[in-house]
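Participant: Please find one structure pasted underneath; my questions will follow.
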Amino acid sequence: MATDWNKAIIEEFRANRGKVGGRFKGVSLLLLHSVGTKSGKTRVNPLAYQDLGGGLAVFASKGGAPTNPDWYRNLVANPRATVEVGTETFDVIARVARGEERQRIWATQKQRYPAFAEYERKTKREIPVIILERIEPKEMAPARGQHRSA
């Protein structure tokens, strides 16, 4: 079951300060916390990422399946999320990369991790590339009933 598989990766990630072995040894992984569009529950998914120097890119490959993963639909519906990278946890806002930006990031990912090129060959859909940009605490919305000072 995929949930049990993800659970084992998540536990290993947290126990080893963001490092995972086996088939993910050497792969940059993060844990994405997103809110389910139907359930309203927070879901955690381990994802390969690419550090862009000013954000992180994740890839809705779903192993080359014909449909996008649920976490992608969740981010499109609610782009605010949280990520764990190594031992750090922070809030992000997600956006879908388009055009040249997407092509450049996707080409780099396929070069670094050839499995992504295989995922692309297995599906007819364009695999979405999602940029996760860190939200600093001052950018967070104020709590209900509070106002930001100018």
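The values are calculated or read from the model by the stated rules, or taken from the named source; none is laboratory data. Computed from a predicted model, the values in this text were never measured in an experiment. Reconstructed Cβ throughout: ideal geometry from the backbone, glycine too, with neighbour counts over all protein chains shown.
Participant: Exactly one condition in (1) among the hydrophobic types (A, V, I, L, M, F, W, C); (2) assigned to a helix (DSSP H, G or I); (3) within 11 Å of the chain's Cα centre (by Cα) is not met by Ile9; state its number.
Facilitator: Result: Ile9 fails condition (3) only.
Participant: Report, by residue number, each residue of the stretch 12-56 that is more than 21 Å from Glu136 (Cα to Cα), in contact (Cβ under 8 Å) with a residue 60 or more places away in the chain and under 11 Å from the mean Cα position of the chain (by Cα).
Facilitator: Within the stretch 12-56, Ala48 is the sole residue that qualifies.
Participant: Being touching a Leu at 6+ places or on another chain (Cβ under 7 Å), hydroxyl-bearing (Ser, Thr, Tyr), surrounded by 15 or more Cβ atoms within 10 Å (Cβ to Cβ) and closer than 12 Å to Val129 by Cα is the requirement here; does Tyr49 meet it?
Facilitator: On the way: touching a Leu at 6+ places or on another chain (Cβ under 7 Å): yes; hydroxyl-bearing (Ser, Thr, Tyr): yes; surrounded by 15 or more Cβ atoms within 10 Å (Cβ to Cβ): yes; closer than 12 Å to Val129 by Cα: yes.
Answer is yes for this residue.
Participant: From the list Pro128, Pro142, pick out the single residue that is modelled with pLDDT under 95 and of a type outside the set (A, V, I, L, M, F, W, C).
Facilitator: On the way: Pro128 fails: modelled with pLDDT under 95.
The match here is Pro142.
Participant: Out of the stretch 53-111, which residues are hydrophobic (A, V, I, L, M, F, W, C) and either loosely packed, with under 13 Cβ neighbours inside 10 Å or part of a loop (DSSP other than H, G, I, E, B) (or both)? Break it down stepwise before answering.
Facilitator: Here is the first cut: in the stretch 53-111, the residues hydrophobic (A, V, I, L, M, F, W, C) are 56-60, 65, 71, 75-77, 81, 83, 85, 90, 92-94, 96-97, 105-107.
The answer is Ala60, Ala65, Ala77, Ala97, Ala107.
Participant: Could you list, in sequence order, all residues of the stretch 15-36 that are touching a helix residue (DSSP H, G or I) at 6+ places or on another chain (Cβ under 7 Å), among the β-branched types (Val, Ile, Thr) and assigned to a loop (DSSP other than H, G, I, E, B)?
Facilitator: Listed by number, the list holds a single entry, Val20.
Participant: Another question, then. Anything in the stretch 112-121 that is touching a residue at least 12 places away in the same chain (Cβ under 8 Å) and loosely packed, with under 15 Cβ neighbours inside 10 Å? List them, or say none.
Facilitator: Narrowing the stretch 112-121 to residues touching a residue at least 12 places away in the same chain (Cβ under 8 Å): 112-113, 116, 118-121.
Arg112, Glu118, Arg121 - these are the residues of the stretch 112-121 that are touching a residue at least 12 places away in the same chain (Cβ under 8 Å) and loosely packed, with under 15 Cβ neighbours inside 10 Å.
Participant: Quick check on my filter: what residues within the stretch 37-52 are out of contact with any helix residue (DSSP H, G or I) (no Cβ under 8 Å at 6 or more places or on another chain), of a type in the set (S, T, N, Q) and in a strand (DSSP E or B)?
Facilitator: Thr42
Participant: Say whether the condition of being touching a residue at least 60 places away in the same chain (Cβ under 8 Å), of a type in the set (Gly, Ala, Ser) and out of contact with any Phe, Trp or Tyr (no Cβ under 6 Å at 6 or more places or on another chain) is met by at least one residue in the stretch 60-83.
Facilitator: No, the stretch 60-83 contains no residue that is touching a residue at least 60 places away in the same chain (Cβ under 8 Å), of a type in the set (Gly, Ala, Ser) and out of contact with any Phe, Trp or Tyr (no Cβ under 6 Å at 6 or more places or on another chain).
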